[in-house]
Amino acid sequence: MPKEVIRVVAAVIDHEGRYLITQRNASAVLPLLWEFPGGRVEPGETDEAALEREVKGRIGVEVIVGDKVGEHVHEYARYEVHMVMFSCRLPDGAVPYPATVADLRWVTSREFLDYEFPPADETTLAKLLGLMRN
């Protein structure tokens, strides 16, 4: 039986050399891990619309979705995650806050290694660290 494929989108928000990461809630799947804000794409929804909805729900502010910066599939034991990452920015004056996440931080790419991310985010991290070429 084929594994369920879950399509997710993630916002790579860069501001003055720092990236916005959020911490999953203690009750979430893969609890308390850090990730780029985003979430699941609902049936019939575009990636961009899902990203706008998910980011606003998680950090309480709008996001301006830019270009796709990559995508990959990560296999977990019971399902596969098809992740699509977009370069995004916040509107002028927007101040994110942890609306439905445990915490959020602005970090440099060098600081990524100080945080524990889900396995599906490792490809994104490697790309941002310059370890991959796409």
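Here are a few things to note about the model shown:
- Taken over the stretch 1-21, the residue count meeting the criterion of being on the phi > 0 side of the Ramachandran plot and assigned to a strand (DSSP E or B) is 0.
- Residues in the stretch 15-28 that are exposed (fewer than 15 other Cβ atoms within 10 Å of the Cβ) and under 16 Å from Asp121 (Cβ atoms): 1 in all.
- Total residues in the stretch 5-50, condition more than 23 Å from Val95 (Cα to Cα) and among the polar types (S, T, N, Q): 2
- Output for the stretch 44-84, where each listed residue is charged (D, E, K, R), touching a residue at least 24 places away in the same chain (Cβ under 8 Å) and touching a Ser or Thr at 6+ places or on another chain (Cβ under 9 Å): Arg58
- Within the stretch 1-21, the residues that satisfy the criterion of being in contact (Cβ under 8 Å) with a residue 12 or more places away in the chain and closer than 21 Å to Ala77 by Cβ are Lys3, Glu4, Val5, Ile6, Arg7, Val8.
- Being of a type in the set (D, E, K, R) and within 18 Å of Thr100 (Cβ to Cβ) is a property that Glu16 lacks.
- Single residue of Glu62, Glu42, Glu54 found to be crowded, with 19+ Cβ neighbours inside 10 Å, among the acidic types (Asp, Glu) and over 22 Å from Lys127 (Cα atoms): Glu54
- Qualifying residue in the stretch 22-42 (condition: without any contact (Cβ under 8 Å) to a residue 24 or more places away in the chain and not in a loop (DSSP other than H, G, I, E, B)): no
- Filter pass, Phe86 being over 18 Å from Glu48 (Cα atoms), aromatic (Phe, Trp, Tyr), touching a strand residue (DSSP E or B) at 6+ places or on another chain (Cβ under 8 Å) and surrounded by 15 or more Cβ atoms within 10 Å (Cβ to Cβ): no
- If you go through the stretch 71-80 and keep only what is assigned to a strand (DSSP E or B) and over 12 Å from the mean Cα position of the chain (by Cα), you end up with His72, Val73, His74, Glu75, Tyr79, Glu80.
- Residue count, the stretch 48-70 (criterion: within 17 Å of Val101 (Cα to Cα), within 13 Å of the chain's Cα centre (by Cα) and not in a helix (DSSP H, G or I)): 1
- Which listed residue is surrounded by 15 or more Cβ atoms within 10 Å (Cβ to Cβ), modelled with pLDDT under 95 and closer than 16 Å to Ala11 by Cα, from Glu71, Glu122: Glu71
- Where Cys88 falls short, out of the listed (1) within 25 Å of Glu4 (Cα to Cα); (2) out of contact with any helix residue (DSSP H, G or I) (no Cβ under 6 Å at 6 or more places or on another chain); (3) assigned to a strand (DSSP E or B): (1)
The values are calculated or read from the model by the stated rules, or taken from the named source; none is laboratory data. Note that the coordinates shown come from a computational prediction; the quantities given were computed from them, not determined experimentally. Every residue, glycine among them, receives a Cβ derived from its backbone with ideal geometry; neighbour counts consider all protein chains shown.
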